[in-house]
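Novice: Here's a structure for you.
What follows draws every value from the coordinates through simple rules; no lab data is involved. Just so you know, these numbers come straight off a predicted model, no measurement behind them. Note: ideal-geometry Cβ built from the backbone for every residue, glycine included; neighbour counts use all protein chains shown.
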Amino acid sequence: MTSTGGHPLPSLRLDGRNVVLAGEWTLAAMLPRLAFLRTLLAQAADSERVWDFSGVTRIDSAAATLFWRTWMRSWPAEMEISAGLRHIIERAAALPDTPPPPPPRTKTPVELVGVFILRVLHNLYGLVTLFGQLILDVLHILRHPRDLPALEFSANLFKAGAMALPVSALVGFLIGITISYLSAIQLRMFGADIFIINILGISIIRELGPVLVAVLVAGRSGSAMTAQIGVMRVTEEIDALATMGISQTQRIVLPKVAALACAMPLLVVWTSAAALLGGMVAAYLRLGLSPAFFLESLPRAVPLANLWIGLGKGLCFGFMIALIACHFGLHVRPNTESLSAHTTASVVSAITMVILVDAIFAILTRQVGLPQL
Amino acid sequence: MSRPPAVELSGIWTRYREVVVHRDVNLVVEAGDVVGLVGGSGSGKTTLLREILGLLKPSAGTVKLFGEVLDRLDILERRAVRQRMGMLFQHGALFSALSVYDNIAFPLRELKGLDEDWIRQLVHLKLEMVELELHHGRLMPSELSGGMVKRVALARALALEPELLLLDEPTAGLDPDRSETFVRLIRQLQRELGFSVVMVTHDLDTLAGLSSKMAVLADQHIVAYGTPAEVMAVDHPFIQNFFCCERGLAALTKANS
């Protein structure tokens, strides 16, 4: 008889009325020729047979279940089996026959939309609550300055701000080059080379800088904040803080929100500068516009109000990204799937909200900082 | 035909930079043995268990499972050997995103040859084996108590009815009553299914209740290996300290009576 690892393989032979079984009937041994064995068993099951287990050395519960199913959940009329093996099959037989659970009902498109809207409303409610709690925390800190989480604030400022400088500069610089290069081709057709300064200045300082940084920071710091707070919830660290009488919003959420609201305007200035530098380089190479002329004309082409709008957007976006990240982090349930879903939701909602708020900014400030015709 | 030993460690050395954890450890676990691995905190018991599992590679020496060296096998053969062993992690290591039912069904589904109906019966059988109710299958791991996590983890470890079960602190975190029930459950399953066990534990009651042999890990190697009586006769400061005060004697006499 062939064998694997010293175990005789399970086998089945039809001998007249007898079904002669032999070998080791275990899941591991059956697996390589499972389909074959099941066909044999199905053939053996169709009429009155005598089941002979005397050659069988071992049965595991998988095999016991298989036999019991083959026999249509009743003992065969005649069988030859040792008490030990019979006991194993008896245990499989004792199990009540439970019907398969009904498949989960698929939701209709209307229900899906409804669930989505309810979830958005629920999250908005959570964000407003968290915002309110932050205001209460700030009032508390104003009255008790010793509770100021200064250390956490500076640590977050460093992580979300200073550490983001290289990547935001690189991205800004490359975007600046691209816009400048593409605009230069168009402008040259009209002989309007000089307007490249207006295009770059207004678009980068007012619009692209803040949005670019917001998307970068949402992906970089927002996801990190959600994951960090989420894991702190899973490992009960947040509960440990609460036990020590430390407010979770005051010690965890507030420093993050405040730090990002401070760091974002600075990052916006930094990234816009890098983008303008990139644009300037491309304009020089493509149109022969000298950097000295570029820098001299920039203040005339771009009214100062645009810089304030850019900084204001930065502050607002930073605040929103951190608030959304903390909100989703605090609602992570203790399993890995929830952690991943909440981190994704945090980044997606933050970027969506940034673009939404950017559009509102554009409408509200349409009279400000643009040359009026 | 005699079966090859379930585990065979020969000349195991483990080093972390300058720190030597294991110095020439040799251990043979025969098929059907229940071996309790004892040692002080930080003596490298769990490290040794992880080396048996193949999660860690020893600095020197070979680990043989069922007579095979894992490193010399290809992916499929290695998976086949791994399917012959089950591990009960100290904290359960249940998949937190899956329900209890799906956790136990997971190794069965991975075999890719079983229909869902068969899997359901096997999962129910395993739930019954570890004395859980069928409706517990719908719970998520985060909703379970410490004792239930251990039971579900045991059910998952036994899903494929392995020939070797590794236990890391099986009763840590359970109250004495629960811990005694759990030990009785493992012993009963071991008798019925006849698997070998390698177990790391600090708990004397667990050790006395389960193990047929003991291995004592001290001074970076196995200082004693044999039946409880043989081990206790060995004159070594750690063994004298560990067993031969009143708590040790009380636990062992209780188990023997």
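Novice: How many angstrom lie between the Cα centre of region B:16-82 and the Cα centre of region B:153-192?
Specialist: Result: 20 Å between the Cα centres.
Novice: Out of region B:14-120, which GluC sites (Glu not before Pro) are coil in DSSP terms and have no more than 11 other C-beta atoms within 10 Å? Don't jump to the answer; show the numbers that get you there.
Specialist: Numbers: sites: B:GLU18, B:GLU30, B:GLU51, B:GLU68, B:GLU77, B:GLU110, B:GLU116; in loops: B:GLU18, B:GLU30.
Sparse-neighbourhood loop GluC sites (Glu not before Pro): B:GLU18.
Novice: Given H placed 1.01 Å from N in the peptide plane, which residues other than close sequence neighbours of B:GLY61 have an amide H under 5 Å from its amide H?
Specialist: HN-HN under 5 Å from B:GLY61: B:TRP13.
Novice: Loop only per DSSP, at most 16 neighbouring Cβ atoms within 10 Å: give me the trypsin sites (Lys or Arg not before Pro) in region A:72-166, ordered by residue number. Before the final figure, lay out the partial values.
Specialist: Values: sites: A:ARG73, A:ARG86, A:ARG91, A:ARG105, A:LYS107, A:ARG119, A:ARG143, A:ARG146, A:LYS159; in loops: A:ARG73, A:ARG105, A:LYS107.
Those satisfying the criteria are A:ARG73, A:ARG105, A:LYS107.
Novice: Please list, in chain and number order, the residues 5+ apart from B:VAL34 or on another chain whose amide H is under 5 Å from its amide H, with Hs placed from the backbone.
Specialist: Here B:VAL197, B:SER212, B:LYS213 satisfy the definition.
Novice: Then there is this: Whole-Hz ³J(HN,Hα) for each residue in region B:90-107, computed from phi via Karplus 6.51 cos²θ - 1.76 cosθ + 1.60 with θ = phi - 60°, x for glycine and proline: what do you get?
Specialist: Listing the rounded values in order: 4, 9, x, 6, 6, 6, 5, 8, 10, 6, 3, 4, 5, 4, 6, 6, 3, x Hz.
Novice: Restricting to DSSP loop positions (anything but H, G, I, E, B) with no more than 15 other Cβ atoms inside 10 Å of their own Cβ, which trypsin sites (Lys or Arg not before Pro) remain in region A:194-285? Please report the intermediate quantities before stating the final value.
Specialist: Working: sites: A:ARG206, A:ARG220, A:ARG233, A:ARG251, A:LYS256; in loops: none.
In loop regions of region A:194-285 (DSSP not H, G, I, E or B), there are no sparsely surrounded trypsin sites (Lys or Arg not before Pro).
Novice: Still on this structure, please answer the following. If you place +1 on the Cβ of every Lys and Arg, -1 on the Cβ of every Asp and Glu, and leave all else neutral, what size is the dipole of the protein assembly as shown about its Cα centre, to the nearest 20 Debye? Write down the numbers at each step before the final one.
Specialist: On the way: 55 positive and 55 negative charges, 375 e Å.
That gives a dipole near 1800 debye.
Novice: Indicate, rounded to the nearest 5 percent, the antiparallel portion of the DSSP beta bridges found entirely in the protein assembly as shown.
Specialist: Values: 26 of 54 bridges.
Percent antiparallel among DSSP bridges in the protein assembly as shown is about 50.
Novice: Could you tell me whether chain A comes out rounded, prolate or oblate from its Cα gyration tensor? Rule is a ≥ b ≥ c as square roots of the eigenvalues, rounded for a/c under 1.5, then prolate if a/b exceeds b/c, otherwise oblate. Intermediate results must be reported in sequence, preceding the final value.
Specialist: Values: a/c = 3.64, a/b = 2.43, b/c = 1.50.
In terms of gyration-tensor shape, prolate.
Novice: For labels at B:ALA172 and A:TRP308 in the simple 7 Å Cα→Cβ model, what's the distance in nm?
Specialist: So the two model labels end up 6.2 nm from each other.
Novice: Shifting gears a bit: Which value, in debye to the nearest 20, describes the size of the charge dipole of chain A about its Cα centre when Lys and Arg Cβ atoms bear +1, Asp and Glu Cβ atoms bear -1, and nothing else is charged? Please list the in-between numbers first.
Specialist: Numbers: 27 positive and 22 negative charges, 148 e Å.
It comes to approximately 720 debye.
Novice: Counting only trypsin sites (Lys or Arg not before Pro) that sit in a DSSP loop (anything but H, G, I, E, B) with at most 13 other Cβ atoms within 10 Å, what is the longest stretch of chain B containing none of them?
Specialist: Answer - B:113-257.
Novice: Also, I was wondering about something else. Just report the Cα centroid separation between region A:286-340 and region A:78-129, whole Å.
Specialist: 46 Å
Novice: Right, something else. Which of rounded, prolate or oblate describes chain B when judged by the alpha-carbon gyration tensor and an a/c cut-off of 1.5?
Specialist: In terms of gyration-tensor shape, oblate.
Novice: Something else: In debye, nearest 20, what is the charge dipole magnitude of region B:49-126 about its Cα centre with +1 on Lys and Arg Cβ and -1 on Asp and Glu Cβ, if you could check? Show your work: numbers first, answer last.
Specialist: Details: 12 positive and 10 negative charges, 50 e Å.
Rounded to the nearest 20 debye, it is 240 debye.
Novice: If neighbour count is taken as other Cβ atoms inside 10 Å, put A:ILE177, B:ILE75, A:ILE117 in order from fewest to most. Please list the in-between numbers first.
Specialist: Numbers: A:ILE177 20, B:ILE75 7, A:ILE117 10.
Ranked by crowding around the Cβ, least crowded first: B:ILE75, A:ILE117, A:ILE177.
Novice: Taking 45 Å as R0, compute the FRET efficiency from the Cβ-Cβ separation of B:GLU110 and A:SER154 and round it to 0.05. Mind showing how you got there, number by number?
Specialist: On the way: r = 49 Å, r/R0 = 1.08.
Calculated transfer efficiency: 0.40.
Novice: Considering the dipole of region B:171-235 built from charges on the beta carbon (Lys and Arg +1, Asp and Glu -1) around the Cα centre, which of B:LEU189, B:HIS221, B:GLY209 is farthest to its positive end?
Specialist: With unit charges placed on the Cβ atoms, the residue in question is B:LEU189.
Novice: Could you list A:THR108, A:THR249 so that the one with the fewest beta carbons within 10 Å of its beta carbon is first and the one with the most is last? All intermediate terms of the calculation are to be shown ahead of the outcome.
Specialist: Values: A:THR108 9, A:THR249 17.
Arranged by neighbour count, lowest to highest, A:THR108, A:THR249 become A:THR108, A:THR249.
Novice: Just to confirm my numbers, what's the Cα centroid distance between region A:36-58 and region A:160-210 in Å?
Specialist: For region A:36-58 versus region A:160-210, the Cα centre distance is 78 Å.
Novice: Let me ask you something else. Under a GNM of chain A (C-alpha, springs under 10 Å), which listed residue has the highest mean-square fluctuation: A:LEU276, A:LEU260, A:LEU142?
Specialist: Highest fluctuation of the listed residues: A:LEU142.
Novice: Testing the spin-label approximation: label points 7 Å from Cα along Cα→Cβ at A:SER74 and A:ARG86. State their distance in nm.
Specialist: Output for this residue pair reads 1.9 nm.
Novice: Which whole-Hz couplings ³J(HN,Hα) result when phi for each residue of region A:321-329 is put into the Karplus expression 6.51 cos²θ - 1.76 cosθ + 1.60, θ = phi - 60°, listed in order with x for Gly and Pro?
Specialist: For region A:321-329, the Karplus curve yields 4, 5, 5, 5, 4, 5, 4, 5, x Hz.
Novice: Work out from phi, with θ = phi - 60° and the Karplus expression 6.51 cos²θ - 1.76 cosθ + 1.60, the ³J(HN,Hα) of each residue of region B:208-213, listed in order in whole Hz, and give x for Gly and Pro.
Specialist: With the stated coefficients, region B:208-213 comes to 5, x, 10, 7, 8, 9 Hz.
Novice: Could I ask something else about it? Of B:LYS45/B:LYS112; A:LYS256/B:LYS150; B:LYS112/B:LYS150; A:LYS159/B:LYS150; B:LYS126/B:LYS213, which pairs sit farther than 32 Å apart, going by alpha carbon to alpha carbon? Provide the component values of the computation, followed by the final result.
Specialist: Values: B:LYS45/B:LYS112 35 Å; A:LYS256/B:LYS150 38 Å; B:LYS112/B:LYS150 26 Å; A:LYS159/B:LYS150 40 Å; B:LYS126/B:LYS213 27 Å.
From B:LYS45/B:LYS112; A:LYS256/B:LYS150; B:LYS112/B:LYS150; A:LYS159/B:LYS150; B:LYS126/B:LYS213, over 32 Å: B:LYS45/B:LYS112; A:LYS256/B:LYS150; A:LYS159/B:LYS150.
Novice: Picking from B:SER96, A:THR108, A:GLY23, whose Cα lies most toward the positive end of the charge dipole for the protein assembly as shown (charges on Cβ: Lys, Arg +1; Asp, Glu -1)?
Specialist: The listed residue farthest towards the positive side: A:THR108.
Novice: Along the Cα→Cβ direction, 7 angstrom out, place labels at B:SER212 and A:LEU295. What is the inter-label distance in nm?
Specialist: About 8.6 nm separates the two model spin labels.
Novice: Mind running the shape call on region A:77-195? Use the C-alpha gyration tensor, a ≥ b ≥ c as the square roots of the eigenvalues: rounded below 1.5 for a/c, prolate if a/b tops b/c, oblate otherwise. Spell out each step's value before the answer.
Specialist: Working: a/c = 2.76, a/b = 1.87, b/c = 1.47.
Note, shape of region A:77-195 comes out prolate.
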